[in-house]
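Student: Following this message is one structure expressed as structure tokens.
The values are calculated or read from the model by the stated rules, or taken from the named source; none is laboratory data. Please read these numbers as outputs of a predicted model, since none were measured by experiment. A quick note on method: Cβ atoms are made from the backbone with ideal geometry, for glycine too, and the neighbour counts reach across all protein chains shown.
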Amino acid sequence: MAERKATVERNTLETQITAAVNLDGSGVANFDTGIPFLEHMLDQIARHGLMDLEISATGDLHIDDHHTVEDIGITLGQAFSQAVGDKKGIMRYGHAYCPLDEALSRVVIDFSGRPGLTFNVDFTRASVGGFDVDLFMEFFQGFVNHAQVTLHIDNLRGDNTHHQAETIFKAFGRAMRMALAEDPRMAGVTPSTKGVL
């Protein structure tokens, strides 16, 4: 397979973002977003997905984190779409359950070419470390729309909001790792009866 890397820049009146991905990395992560709790979650994707991520973002954080979080999701989704290319030879589907103490989440992803998000998460608190956890849905919606994946996220249980969020991002990384893995039996073949994704 060709090298699966991409770098995308997105510049708007609200945010300036650069996202670089290496789908076949080792879990190296570098972030400069001004949003520490989001960076902690993004680190879970890199470490558990065994992919390298580098994201820098400048945004209108004096208003709130919304635009920056959403646009990071959009830019990261664009980078993944470019890096995965024509999707020939990949597993396509991935799933993972990840626990953290009392919390448990399940993530299922399909590199279907059709954006769709089902987000079933009832956070027990509104914020962690000053971060509005409602923005995680905005992050994933931006990612889904631009990576063109179908994504189901279910937090099955959890009392601690930090734990709930962390299990989601760990499971997301693991599910991505499975879906993007190369299947030697499918070398050069698109994993779809349609012949295209």
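Student: For the structure I just gave you, tell me whether V196 is in contact (Cβ under 8 Å) with a residue 12 or more places away in the chain, exposed (fewer than 14 other Cβ atoms within 10 Å of the Cβ) and more than 19 Å from T33 (Cβ to Cβ).
Tutor: It is true that V196 is in contact (Cβ under 8 Å) with a residue 12 or more places away in the chain, exposed (fewer than 14 other Cβ atoms within 10 Å of the Cβ) and more than 19 Å from T33 (Cβ to Cβ).
Student: Here's another thing I want to ask about it. Pull out all pairs, ordered by first then second residue, where Cβ-Cβ is under 7 Å, the residues are six or more apart or on different chains, the first lies in region 85-107 and is more than 22 Å from Q148 (Cα to Cα), and the second is in a loop (DSSP other than H, G, I, E, B) and of a type in the set (D, E, K, R).
Tutor: E102/D159
Student: From the list L117, L53, which residue is crowded, with 22+ Cβ neighbours inside 10 Å, part of a strand (DSSP E or B) and either in contact with an Asp or Glu (Cβ under 7 Å, 6 or more places away or on another chain) or without any contact (Cβ under 8 Å) to a residue 60 or more places away in the chain (or both)?
Tutor: L53
Student: Also: Being touching a Gly at 6+ places or on another chain (Cβ under 7 Å) and within 30 Å of Q16 (Cα to Cα), is that true of even one residue in region 88-100?
Tutor: No: zero hits.
Student: Only one of (1) touching a residue at least 40 places away in the same chain (Cβ under 8 Å); (2) over 24 Å from V107 (Cα atoms); (3) in contact with a Gly (Cβ under 6 Å, 6 or more places away or on another chain); (4) of a type outside the set (F, W, Y) fails for E9. Which number is that?
Tutor: Here E9 clears every test but (3).
Student: So which residues in region 83-99 are surrounded by fewer than 18 Cβ atoms within 10 Å (Cβ to Cβ) and part of a strand (DSSP E or B)?
Tutor: Result: Y93, H95, Y97, P99.
Student: Can you list the strands (runs of 3 or more DSSP E) found entirely within region 1-44 that contain at least 3 residues being hydrophobic (A, V, I, L, M, F, W, C)?
Tutor: Those strands (runs of 3 or more DSSP E) span 15-22.
Student: Just to be sure, is T150 out of contact with any strand residue (DSSP E or B) (no Cβ under 6 Å at 6 or more places or on another chain), of a type in the set (S, T, N, Q) and without any contact (Cβ under 8 Å) to a residue 60 or more places away in the chain?
Tutor: Taking the combined requirement at face value, the residue does not satisfy it.
Student: Quick test of your reading of the structure: L61 fulfils all but one of (1) farther than 29 Å from A187 by Cβ; (2) touching a residue at least 60 places away in the same chain (Cβ under 8 Å). Name the failing condition by number.
Tutor: Here L61 clears every test but (2).
Student: Next up: Does E70 satisfy the criteria of being part of a strand (DSSP E or B), charged (D, E, K, R) and touching a residue at least 60 places away in the same chain (Cβ under 8 Å)?
Tutor: no
Student: Could you please tell me which pairs satisfy a Cβ distance under 9 Å, a separation of 6+ or placement on different chains, a first residue in region 163-182 that is under 10 Å from I109 (Cβ atoms) and touching a residue at least 24 places away in the same chain (Cβ under 8 Å), and a second residue that is of a type in the set (D, E, K, R) and surrounded by 24 or more Cβ atoms within 10 Å (Cβ to Cβ)?
Tutor: Qualifying pairs under 9 Å: none.
Student: Return yes or no: is V107 out of contact with any strand residue (DSSP E or B) (no Cβ under 6 Å at 6 or more places or on another chain), buried (at least 21 other Cβ atoms within 10 Å of the Cβ) and either modelled with pLDDT of 95 or more or under 18 Å from M176 (Cβ atoms) (or both)?
Tutor: Taking the combined requirement at face value, the residue does not satisfy it.
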